[in-house]
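In what follows, a structure is listed as C-alpha cells, so that the remarks can point back to it.
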Amino acid sequence: MGVECRRQDCTVEETGVCLLNNEPATCPERADEGDVEGVVQPVDEEQKNHMPLSRACGLVEARELMANRYVHVVGILGEPNAGKTAALVSLYLLMAHNKLCGFTFRDSRTLMGFEEISRGARCWNRGQLPDQITGHTKLVDDREAGFLHIRVNSNARDVDIDFLLPDLPGEWTSALIERKRFDRLEFLKRADAIWLMVNGAELAAVETRQATLHRTRLILQRLAGFLETPPTVILVVTRLDESAADPNDVADLCKVGAEQGLDMKVTPIASVSNVEEVKPGQGIAELLASTIQGPTEGGVLWPDLGLKATFTPPRVRSVGGVKS
Ligand SMILES: Nc1nc2c(ncn2[C@@H]2O[C@H](COP(=O)(O)OP(=O)(O)OP(=O)(O)O)[C@@H](O)[C@H]2O)c(=O)[nH]1
Ligand SMILES: [Mg+2]
C-alpha cells in the first residue's frame, strides 16, 4: 500500500487502515522517507488510549461499548469448516480496501484480532488464493465468547453503526446440536441477528447433502427452543464460488425455521473466490445490510446473564492448517 507508519502496532502498510483512524496519506504518524526502520517512537498518554484494547472484546468491554451507543450483536454459528472465520476475514479485507459496497470503515477496537485471523489471506490480495485462508478457530478461554468490533458508516442512512462479531469455534455449534449445550451461547439472547453459516459445498455434494440438511434443521430447532424471542436468522450459504446448493434445499431449511417461529433470511456468500464469475467477498456487504434492518439506537444494553464480575476477556486465535 506504500504508506508506512512509525508506530509498531499500526498495520496501515498491510491493511490501508490507520490505527488512529486518520487519512493514511496525511497521518502525522506516517513514516517519512528518512525514517530509520525499527526505531520505536515514544508514545504519549493520549495516543495510548487509541490503541486496540486487546485482540478481541470480552463481555465487559462489550458492555462498556453498549453503555454509550447501540451496538449490533451478531451471533455467528456454524459447524467446523462452515466458513465463519473466512467471512470475517473477507469483511475485514473488504473494509480495509474500501470495497464494502454501501459501507465505509470508521473504527475497530479489535484491529489486532482481525489482523491475526487475516494473516493467511494475504496472498488473496496479490491475486493468488492459498489452499486454506484460515485455520481452525480455537479460543484461549473456551467458556466465553470473544467479539471482534467494527464501526462502519451505512452510506444509505449516513449513520455510524457498531457491530460485535464473535469468531467462535465450530465445536460450539456441534455441541449445541449434539448435547444441547447452550451455556456459552447465552449472548444470543441479546443478538440482533444470527448468521447461521452452512458449508455450501457440503450442502451441494451428494455424499454430504443429507447430513448437512439434517444438522442445520437441528440447529434451527435448538435456537427456536432456547431463545424466547429469537432474532432474525440469516442462513449464510458459503462457498458460492465453488458450488451451488439446490434452491429447494435452501427453501426447505427456511420453511423448517419458519415453522419453528423463526424469521428467516438467506444470503449466499463467497468469502474468497478463484473463479471469474464470482467476486471475492461477494454477498458480504448484503449480509451486513440484512443484519442492520433493526433499531440503530435505544433498546437493551446487555441482559443480566449471570456473568462473573471479574471476567477476563478471551483472546481469539486461529491455529494450525494455515497454508499460504
Ligand atoms: N473457495 C472458498 N473457500 C472458502 C470459503 N469460505 C471458507 N473457505 C475455505 O474453508 C476453510 C475453512 O473456513 P473457516 O472460515 O476457517 O471455517 P470455520 O467455520 O471458521 O471453521 P472452524 O473455525 O473450524 O469452526 C478456509 O480456510 C477456506 O480455505 C469460500 O467462500 N470459498
Ligand atoms: Mg473459524
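Only the coordinates and a few stated rules stand behind these numbers; no lab work does. As the structure is a computational prediction, the values presented were derived from the model and not from experiment. Glycine also receives a Cβ, built like all others from the backbone with ideal geometry; neighbour counts cover every protein chain displayed.
Observations, loosely collected:
- Gained length - Lys138 relative to Glu207, 0.36 nm times residue gap less alpha-carbon distance: 22.1 nm
- A Förster distance of 45 Å, applied to the separation of the beta-carbon atoms of Ala251 and Cys101, puts the FRET efficiency at 0.95.
- Taking amide H as placed 1.01 Å from N in the peptide plane, the amide H of Arg109 sits under 5 Å from that of His149, each at least 5 places away or on another chain.
- Applying both filters, DSSP loop and at most 14 other Cβ atoms within 10 Å, to the GluC sites (Glu not before Pro) of the stretch 182-287 gives Glu228, Glu276, Glu277.
- Computed magnitude of the charge dipole of the stretch 176-303 (debye, nearest 20; Cβ of K, R +1, Cβ of D, E -1): 520
- Full-stretch length increase - Gln293, Ala175 - with 0.36 nm per residue and alpha-carbon distance subtracted: 39.5 nm
- Residues Trp195, Trp172, ranked from the fewest to the most other C-beta atoms within 10 Å, line up as Trp172, Trp195.
- Here's how it looks for Thr267: its modeled amide H is under 5 Å from those of Leu235, Val236, Val237, which are all 5 or more places away or on a different chain.
- Computed from label points 7 Å out along Cα-Cβ, the spacing between Ala156 and Thr26 is 3.1 nm.
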